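For reference, the structure is listed below as structure tokens.
The values are calculated or read from the model by the stated rules, or taken from the named source; none is laboratory data. This structure is a prediction, so every number in the text was calculated from the model and none was measured. Here the Cβ positions follow ideal geometry from the backbone for every residue, glycine too, while neighbour counts run over all protein chains shown.
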Amino acid sequence: MTLSFAPAHDPSLPLHVLEQSDLEDWLADQPSPVRAWVTASSFSGALGQTLLVPGPDGAPEFALAGYGSAAKRARKRFPLAAAAENLPKGAYRIASGIPADLLEAECFGWLMTGYAFDRYAAQSPANARLIAPESVDAARIEIMANAEALTRDLVNTPASDMGPEQLLQAVETLARDYGASCSVVSGDALLDQDFPMIHAVGRAAEQAPRLIEMNWGDSGPKLTLVGKGVCFDTGGLNLKPGASMGLMKKDMGGAANVLGLARMIMALELKVQLRVLIPAVENAVAGNAFRPGDILTARNGLTVEINNTDAEGRLVLADALALAHEGAPNLLISMATLTGAARVALGADLAPFYTDDDSAADALSRAGQTTADPVWRMPFHEPYEALIEPGIADLDNAPAGGFAGSITAALFLRRFAADSRYMHFDIYSWQRSKEPGRSKGGLGQGPRALLGALPELLGL
């Protein structure tokens, strides 16, 4: 599906968005028939409430959307989407009620009410369409919405149809659509080309492990994105219990978010040299699976003691980050559904990120608020470095004790980014229950904030 605004020339109804506290004053300025209709309909301006108001001929003349209170809106990412999902089929144009600084985010949320993952069964997305306000960049919002839809589709697709091979196909399709190049190193060729940890994690699966690379743009600063592409994670020989394995189709959410961001960058024709690296594997159980106690040597020469085969994401990312560092990027970003510790710390809704660059962190946090894509900075806490140094090898992939699990994972990854200007996102990429503009299932976390911050981060 393509998410888009209604054509500007379509017949449409004006939509007045009303806070509960403003309703009485608004009604005082209306003709008596309107006051009577709104009162009789018990419209209160509650968040998500809608009402069509008829004209003298009985046909709808305009629509009302409840915007609730500031306290209620603070609990929703896209408050206007709550009303959009309840409006009858048709086209609407916002006539009043949305502050200018919230208009872009609210329009994005409205578009996302039209998203549905319908690959396996028919779904019923919202039918109300919005005519883009003149003050917003409609093309940019549509690009962001369709990139988000790509991310959601990839995460929602089960591992039976989204293994390493199908993830490669998704990258090839994206590359073809935007004139990018795509290449892959697969199977035992990973050993020949020095990606030993990607090979070790994925070698037990039916589909061969692979490193996927996409390149686009020939001028501007070098931006490299690395996304964790673990298409399913059984936990390996440290097998997950069934309850923990149920959502592991989303363990490639880092790759899905990176591809969503890449799509936005290419569609907007940003002046960057974009490189995308995705280590695509399935962490499976077989006689040749890597084992607890193994010591692996990464691409950059560091040795890693395996103390838990379920901490595999950082291993495949490590080889990809080492390759990324060799290309001397101006900015290196990794995204991964990496640790449960991040969920314990911040829950499912906030996307934690790590960086040593204070100005970059400030820019990203501000952009996250503007785009309704909130992020939260976590620390590369130097005293915890000792926790990832087991003594028998350079690094430990799963330090004992479980404390600061997200931080130690980020510190582990930073060893492979070396002295690159580096940011890491430890995201959840899943909406646990339906919310306005956010269907249950796969979710983008961080790409819109990053897109908004890139001009400042890279001097664009």
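Taking the range 241-285 as the range and being within 18 Å of residue 208 (Cβ to Cβ) and under 14 Å from the mean Cα position of the chain (by Cα) as the test, the residues that pass are 251, 252, 255. The number of residues in the range 382-405 being part of a helix (DSSP H, G or I), over 19 Å from residue 319 (Cα atoms) and either at pLDDT below 95 or not aromatic (Phe, Trp, Tyr) (or both) comes to 6. Scanning the range 215-262 for residues that are part of a strand (DSSP E or B), among the charged types (D, E, K, R) and in contact with an Asp or Glu (Cβ under 6 Å, 6 or more places away or on another chain) yields a single hit, 233. For the range 6-64, a tally of residues being surrounded by 13 or more Cβ atoms within 10 Å (Cβ to Cβ), out of contact with any strand residue (DSSP E or B) (no Cβ under 7 Å at 6 or more places or on another chain) and of a type in the set (A, V, I, L, M, F, W, C) returns 2.
Among the candidates 368, 347, 327, 313, which residue alone is assigned by TED's automatic domain parsing to the domain that holds residue 224 and either out of contact with any Lys or Arg (no Cβ under 9 Å at 6 or more places or on another chain) or free of Cβ contacts under 8 Å to residues at least 40 places away in the same chain (or both)?
347
Annotation note: of 119, 152, 129, 93, the sole residue that is closer than 19 Å to residue 442 by Cα, modelled with pLDDT of 95 or more and not in a helix (DSSP H, G or I) is 119. Between 365, 359, the distinction of being under 18 Å from the mean Cα position of the chain (by Cα), outside any strand (DSSP E or B), modelled with pLDDT of 95 or more and among the hydroxyl-bearing types (Ser, Thr, Tyr) belongs to 365 only.
In the range 132-149, the residue that is surrounded by the fewest Cβ atoms within 10 Å (Cβ to Cβ) out of those that are in a loop (DSSP other than H, G, I, E, B) and out of contact with any helix residue (DSSP H, G or I) (no Cβ under 7 Å at 6 or more places or on another chain) is 134. Look at the range 331-343: where a residue is farther than 20 Å from residue 419 by Cα and assigned by TED's automatic domain parsing to the domain that holds residue 273 and a partner is polar (S, T, N, Q) and surrounded by 21 or more Cβ atoms within 10 Å (Cβ to Cβ), sitting 6+ places away or on another chain with Cβ atoms under 7 Å, you get 337/429; 339/406; 341/406; 342/406. Against the condition assigned by TED's automatic domain parsing to the domain that holds residue 172, in a loop (DSSP other than H, G, I, E, B) and either among the hydroxyl-bearing types (Ser, Thr, Tyr) or within 22 Å of residue 407 (Cβ to Cβ) (or both), how does residue 288 come out, does it pass? Here the answer is no, as residue 288 does not meet what is asked. In the range 72-95, is there at least one residue being out of contact with any strand residue (DSSP E or B) (no Cβ under 8 Å at 6 or more places or on another chain), of a type in the set (A, V, I, L, M, F, W, C) and free of Cβ contacts under 8 Å to residues at least 12 places away in the same chain? Checked the range 72-95: at least one residue is out of contact with any strand residue (DSSP E or B) (no Cβ under 8 Å at 6 or more places or on another chain), of a type in the set (A, V, I, L, M, F, W, C) and free of Cβ contacts under 8 Å to residues at least 12 places away in the same chain. Looking only at residues of the range 177-189 that are within 28 Å of the chain's Cα centre (by Cα) and either not assigned by TED's automatic domain parsing to the domain that holds residue 160 or not in a strand (DSSP E or B) (or both), we find that the one that is surrounded by the fewest Cβ atoms within 10 Å (Cβ to Cβ) is 179.
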